[in-house]
Amino acid sequence: KLESFANTIEGVNDAFENSIRLASYIGARENGISRGKAAQLAKNITVNFNKHGEYGQALNAVYLFFNASIQGTARLACGGLNGL
């Protein structure tokens with residue numbers, strides 16, 4: 001039962017995240033942003049776990065969620081989404 005519950009929660013989280021990304025992409029395109037820039041915006045609107053520097057994977061292995069923590073801090077420092 002616990003595994004089934006965890007799978008359900010993961011599915012809901014994925015659906016929510018993807019809906020935010022799709023809405024962001026559509027909104028960007030409707031405002032005249034190119035496909036490439038709109039896709040980049042949509043991908044980075046939530047924490048992008050594929051984005052990391054030279055030592056990102058090693059630091060993420062040592063400190064769980066290091067990448068997400070750094071991205072969140074950078075967004076706060078840049079004034080929210082204006083830093084994208």
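The values are calculated or read from the model by the stated rules, or taken from the named source; none is laboratory data. Remember, predicted model here, so these are calculated numbers, not experimental data. Protein only, heavy atoms only, side chains kept; ligands, DNA and RNA dropped before computing areas. Shrake-Rupley method; radii C 1.70, N 1.55, O 1.52, S 1.80 Å.
When region 15-53 is filtered for residues that are open to solvent by less than 80 Å² (accessible area, probe 1.4 Å) and modelled with pLDDT under 85, the ones remaining, listed by number, are Glu17, Asn44, Ile45, Thr46, Val47, Asn48, Gly53. In this structure, does Ala61 turn out to be open to solvent by less than 90 Å² (accessible area, probe 1.4 Å) and at pLDDT 85 or above? Spelling it out, it is not the case that Ala61 is open to solvent by less than 90 Å² (accessible area, probe 1.4 Å) and at pLDDT 85 or above.
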